[in-house]
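Please read through the structure below; I'll follow up with questions.
The values are calculated or read from the model by the stated rules, or taken from the named source; none is laboratory data. Bear in mind that the values here come from a model prediction, so they are computed numbers and not experimental data. FYI the Cβ positions are ideal-geometry reconstructions off the backbone, even for glycines, and counts take in every protein chain you see.
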């Protein structure tokens, strides 16, 4: 009788350990690939890349140098914005893995006299933020979560301190919203 | 006999569930809210770079035509060819409290991304590090990821009150530390 009980306990222990190990493996695999931010595809690097492209890749269309945005240059760039300029802004991102299609919207806002004002903007105005407003109307000053239209799956917003040169030089902020469709 | 077997299985299952739950709680509380490292790292550099990208003469050529950020120390500025970052070094060498200046530039202009980031600014001279901003203690010791970025500043000014003698100051290291709340 005792031998039979010992066998049952041993068998139960072994089955329990095996099930436990399998459960642990499933559990950690699920966390590793689906839940943890560390393994999610993010667009932080792409946003920094766009920031660098604005400074280094626009050639004669350039309006941004050494953290300075030239207002008239920005107006000129944004007024006849086309696919070629979009290609310059996104240049190099096609070599990055994980994402196959991207779009963006950039705006400059400034906090003055207790409220935010949008100084400049260009890009895809269908990219909205959590408040439902777009690059062209989001003057809340917060760091909102971009809400990208279908088929985009990922979004990021990066805010950078800059100097805005118009009739005077002011400290302001550049907001870069990026939407991307991940490669499954 | 079968009752005992069932008892062992149930006990085993309960133990496994407890261990899995503890594991889940530990992991989710440790990693799932990982601070945004890229943003924090670049923010420290960006803040230093943007202050190093503009000269005092461009935003405050004289006290009658001075940007709000520099109004509080306008009369104390010795060399308007300095950048704003160098101005912090110059004012430190003169013993001026630069806390309000730094607050005006970064906090009043809301240059930090969103409300979830904080920063502190230190200056390093031959006698160690000195905190210039903020005056009160912050929870930077509790930050899970703290990023530091430094720039070397040095300069001179002509002292009109001392027979137009050229005074040199520095070199100092100005350090900005950033972290997510």
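Condition first: at pLDDT below 85, part of a strand (DSSP E or B) and more than 20 Å from residue A:73 (Cα to Cα). Can you find one or more residues in segment A:135-145 that meet it?
Checked against the condition, which is being at pLDDT below 85, part of a strand (DSSP E or B) and more than 20 Å from residue A:73 (Cα to Cα), segment A:135-145 yields no hits at all.
Here is a follow-up. In segment B:143-165, how many are assigned to a strand (DSSP E or B) and within 22 Å of residue B:50 (Cβ to Cβ)?
Qualifying residue count for the region: 10.
Additional query: Go through segment B:1-76 and tell me which helices (runs of 4 or more DSSP H), entirely inside it, have 1 or more residues that are modelled with pLDDT under 85 and more than 7 Å from chain A (Cβ to nearest Cβ).
The helices (runs of 4 or more DSSP H) meeting that bar are B:2-31, B:37-52.
Just to be sure I understand, how many residues within segment B:104-113 are surrounded by fewer than 22 Cβ atoms within 10 Å (Cβ to Cβ) and in contact with a helix residue (DSSP H, G or I) (Cβ under 9 Å, 6 or more places away or on another chain)?
Total satisfying the criteria: 5.
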